Amino acid sequence: MKHLRTRVAIIGSGPSGLALGQLLHRQGIDNVVLDRVSAEYILKRIRAGILETGFAELMREAGVSARMDRDGLVHDGFAIAFNGHSTRIDLKGLTGGRTVLCYGQVEITHDLIDARVQSGQPTFYEASDVRLHDLTSDQPSITFQHDGENCTLHCDYIAGCDGFHGVSRQSIPAELRTEFERVYPFGWLGVLSDTPPVDEELIYCRSERGFALASMRSHTRSRYYIDVPLTAKVDEWSDDAFWAELKRRLPYDAAERLVTGPSIEKSIAPLRSFVCEPMQHGRLFLVGDAAHIVPPTGAKGLNLAASDVSTLYRILTRVYRDNDLSCVPLYSEIALRRVWHGERFSWWLTRLLHHFDEQGRHDKSGNSGRRFTESELQYLLGSEAGRRLIAEQYVGLPYESLPESRAAMAAANAA
């Protein structure tokens, strides 16, 4: 049996786990990262690419922003197309100068892996049989197997950044957690292609044929989505069929500009809303998808994970810098406030931009649910206040500050 010791054990080497490890390392807090898969596998996962201001600032604080600042595309706004007419949401003008940054999650992960290697902090990829122990004590531990050897990692705290299917959330006794879930009656069929984006900014579309999103990863790589039934299979959609359907859903001028080409990745993602409460149990903290899932409509998944990371990083920094544990029990409370805001916005925007078969199904007056939704969308897009409501949530709500530290309060009282 191999015994290891660290201050913070991090399960999961996606962006949230690696970002937390990098931020802690820069504060001199040693940490170990474990993952059941390889780095190569993680880098193959095609995920989100719209970063809120808070996320971008966190990457700068972590010292991994050089490529992001050089190659990321600043977006001052985006469009919502409805009934063939596009309305621009002027993010910068409606929020006092705030914007979002288009920079792919794979690129973020590349930057964080490079920083991890340079830091010399240990990372155990392809760790198996990972189990968490003594979470409510002040000496938790993790047992796992790596390269055929049984290992025990002793630590002060555990960050569960291992996603929806990971071991972390399941390590909290079922009777102590409450899980909220809503499964949507459709998925997103996404195509990645080495073609120039159809527009400089994102276009969200609600059409008679369904939802579509024109997105991008760079000036030469595009990401497009359409919603499809949950029963749909990827192999049922040829590239030609996808491009034809996308054109039918885009506004006419955008459809005319669309450049098509071979897909380099194609997948269907089911949509769900999910929250686990609480997000901590003893010395275990849940971060990102381990605690919450949002539909991708509002570009909140990765950004909510970043706000979790920010909160936990600042709490642990205070623990080791000031020997102040007063904020440790507040992690779940602080994180969940922002999580539920993001969940609500993502659900709301999904409802506005998609057709739900159940709307009006039992309504004798016909499909009034659809009419209500379309009326709401017309009002929001036609009102500056409505567009501001969308813009403020899209760029991201501010991160919540921690309560004053004991040291700060003592200094204030002494003065």
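The values are calculated or read from the model by the stated rules, or taken from the named source; none is laboratory data. Nothing here was measured: the structure is a model prediction, and the numbers come from that model. Cβ atoms come from the backbone with ideal geometry, glycine included; neighbour counts cover every protein chain shown.
Surrounded by 17 or more Cβ atoms within 10 Å (Cβ to Cβ), outside the structural domain of residue 221 (by TED's automatic domain parsing) and modelled with pLDDT of 95 or more, is that true of residue 131? So residue 131 does not fit the description; no. Is it fair to say residue 89 is within 30 Å of residue 378 (Cβ to Cβ), touching a helix residue (DSSP H, G or I) at 6+ places or on another chain (Cβ under 9 Å) and surrounded by 18 or more Cβ atoms within 10 Å (Cβ to Cβ)? Criteria met by residue 89. Which members of the range 139-183 meet the condition of being touching a residue at least 40 places away in the same chain (Cβ under 8 Å), farther than 24 Å from residue 294 by Cα and polar (S, T, N, Q)? Hits for the range 139-183 are 150, 152. Criterion applied to 304, 316, 286, 312 was being closer than 30 Å to residue 87 by Cα and either buried (at least 21 other Cβ atoms within 10 Å of the Cβ) or in the same structural domain as residue 104 (by TED's automatic domain parsing) (or both), and the one residue passing it is 304.
Would you mind stating whether residue 323 is modelled with pLDDT of 95 or more and among the polar types (S, T, N, Q)? Yes; evaluated as a whole, the condition is true for this residue.
Evaluation of residue 65 against the conditions (1) touching a helix residue (DSSP H, G or I) at 6+ places or on another chain (Cβ under 8 Å); (2) within 25 Å of residue 269 (Cα to Cα); (3) at pLDDT 95 or above shows that the sole unmet condition is (2).
Listed here are the residues, each with its yes/no results for (1) among the β-branched types (Val, Ile, Thr); (2) at pLDDT 95 or above; (3) crowded, with 19+ Cβ neighbours inside 10 Å.
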{"position": "7", "(1), (2), (3)": "no, yes, no"}
{"position": "38", "(1), (2), (3)": "no, no, no"}
{"position": "61", "(1), (2), (3)": "no, yes, no"}
{"position": "77", "(1), (2), (3)": "no, yes, yes"}
{"position": "99", "(1), (2), (3)": "yes, yes, no"}
